[in-house]
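Asks: Attaching a single structure in structure tokens format; questions to follow.
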Amino acid sequence: MFRSGAILGLLLLLSSETFAAVPPDLARCGSAKLEAIAQACSDLLGIEARFRNRGNEGERERRREGVRRRVVAAWAEAESFAGDATCAERTARGPDAVDALAALAEEVLAEVTPPRCAARLGRLARRHCRRLVNVEALALVSAQKADEARTRVVAQARRRLSLRWPGQGCSPGAEPDDALRRVLTLAGGAAAQASPRGLRELGDAVGVPVGVSIEPFEVAADPDYLPTLRRETGSLTAENAMKWAPIHPAPGQWNFGPADAVMDLAEEEGMRVRGHALVWGALSVPAYVEAASGPEQLRAYLAEHITGVVDRYAGRIAQWDVVNEPLSAILDPPTSDGLDDNVFQRLLGTAYIAEAFHLARAADPTVRLFLNENGIAAPGPRQDLFYDLVVDLLVQGVPIDGIGFQGHVGLTPLAVYPDRATWEASLRRFADLGLDVEITELDVSVLFRFGSSRPPLRAQADDYRAAFGACLRVPRCRGVTTWGISDRYTWVRSFLGLPDDPLPFDDGWIPKPAYFAMRGSLYERLYTGP
Ligand code: XIL
């Protein structure tokens, strides 16, 4: 949608409107959005001039809808390359601006009779839309300069109108330049309408919650954390607090404090909770479980643990990752059957998975039960192995409701970066089994991207947009959760010890291009539908 020439042209125009004061990031992102609004303004005036009094309401609305779609696509693109929250905070919601413009174009042109005057006013206004929208961009940084620029533009338009207006039999309800001023002022006002919608509001609007995993002590210790969560997420996952070792360190011994803190925060903030994870054989297995004397004792441990945890939060948690990573971890030495070599697999075989799901279902009849795995976003032997496992479990009647795609993108030297079509095909493959799907632990490494022509943060934004865009196109994709939200707390640094920046916000809580790619995907879905 965006040609760099158009933006360059606009930047030149901006400079001609003494736009030196506009901060570069606003000029870059804001101008891309303003360009879209200016074009929309022009298009809508043309539509009004052409279809007014034609009675062809259907065609007029069809063409207006086309304008909305173009603005949405343009804004999604602009959002993705914005380097700064200023852009999102200071420019309007595209379609709202378009609707405002359409209403005003209709109103102003309706004042002018006969139709040939409307066409004239429409042409003149269209010619000035772009300039007046830019004036309003200037108003974001300098009201005085904006007034000067607005006066200049209206004076020019008036000169053009006055040269031709009299004697055309046009009798505008208001003075010509008053009508023109109203068109042009609204054009800019529409572009300047500030309404930063966070990912939470956007996710709620499209019915796909945007989630974040948290450590409650990190949220409590950082004053910027909770305000960001409130604006940007509608779903919480306990990063570690609900895992077996921390919550149930010994038989009959429970440590529910941190898990309760996550639940309490979510309920105070009206957020959904994903429980993670009842059984994870690869990590977070307490010593007493590793030392189980045999299958029966292990079954007893499973029953006590799953019943104790699920029962405590029954009716409050939306989904449980009942079993996490049944396949052998990508970086582990491959096992003969591709399944993770853990105490559950060794003593019970894959029956431990079925056992865990039946126990969870018995403890909470309403919670959605998920099987969560890493490295299955792209087709290949690993995804096929996991698919066959899921089908086997479903055939056995195991109560699986959903599949969690962790989505740690590019994290290994294997460096897989699924594009949207790849994500979509993988999500659909499992959704077609009658299951919900979610992306449950999304983060995108910037460390192992070799040979990419794009700057790392731009490529990262593309990968976030691929995952979000895919989920928003698969009806049974019920949510996208990032594994953390700020690079400052990423597990890739703390647990894997890598100097990575995989998340949508940087260490200083500034949104990165990835954040705007997520917003752009949600805006696009909001205004163009599934
Ligand atoms: C990670 C946590 O983020 C770390 O803090 C912890 O030390 C190890 O586990 N896949 C999963 C998550 O399902 O539970 C893991 O979380 C990351 C990989």
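Asks: Do we find that residue 284 is hydroxyl-bearing (Ser, Thr, Tyr) and away from the ligand (no atom under 16 Å from the Cβ) in this structure?
Replies: no
Asks: Moving to a separate point now. Look at segment 250-284 and say how many of its residues are under 18 Å from residue 311 (Cβ atoms) and part of a loop (DSSP other than H, G, I, E, B).
Replies: 5
Asks: Working carefully through the options 46, 58, find the one that is exposed (fewer than 14 other Cβ atoms within 10 Å of the Cβ), modelled with pLDDT of 75 or more and not assigned by TED's automatic domain parsing to the domain that holds residue 462.
Replies: Among 46, 58, only 58 is exposed (fewer than 14 other Cβ atoms within 10 Å of the Cβ), modelled with pLDDT of 75 or more and not assigned by TED's automatic domain parsing to the domain that holds residue 462.
Asks: A further question follows. Of the residues in segment 358-411, how many are in a strand (DSSP E or B) and either away from the ligand (no atom under 16 Å from the Cβ) or touching a helix residue (DSSP H, G or I) at 6+ places or on another chain (Cβ under 9 Å) (or both)?
Replies: Residues that pass the stated criteria total 9.
Asks: Taking the residues in segment 236-254 that are of a type in the set (S, T, N, Q) and within 16 Å of the ligand (Cβ to nearest atom) as candidates, determine which candidate is surrounded by the fewest Cβ atoms within 10 Å (Cβ to Cβ).
Replies: 240
Asks: Would you confirm whether or not segment 305-323 contains a residue that is over 27 Å from residue 273 (Cβ atoms), away from the ligand (no atom under 16 Å from the Cβ) and assigned by TED's automatic domain parsing to the domain that holds residue 401?
Replies: No; the residues of segment 305-323 include none that is over 27 Å from residue 273 (Cβ atoms), away from the ligand (no atom under 16 Å from the Cβ) and assigned by TED's automatic domain parsing to the domain that holds residue 401.
Asks: Out of curiosity, is residue 233 in contact with a helix residue (DSSP H, G or I) (Cβ under 8 Å, 6 or more places away or on another chain), away from the ligand (no atom under 16 Å from the Cβ) and under 17 Å from residue 363 (Cα atoms)?
Replies: Taking the combined requirement at face value, the residue does not satisfy it.
The values are calculated or read from the model by the stated rules, or taken from the named source; none is laboratory data. Bear in mind the structure is a predicted one, so any value in this text is a computation, not a measurement. For neighbour counting, all protein chains shown are included, and Cβ atoms are generated from backbone atoms with ideal geometry for every residue, glycine included.
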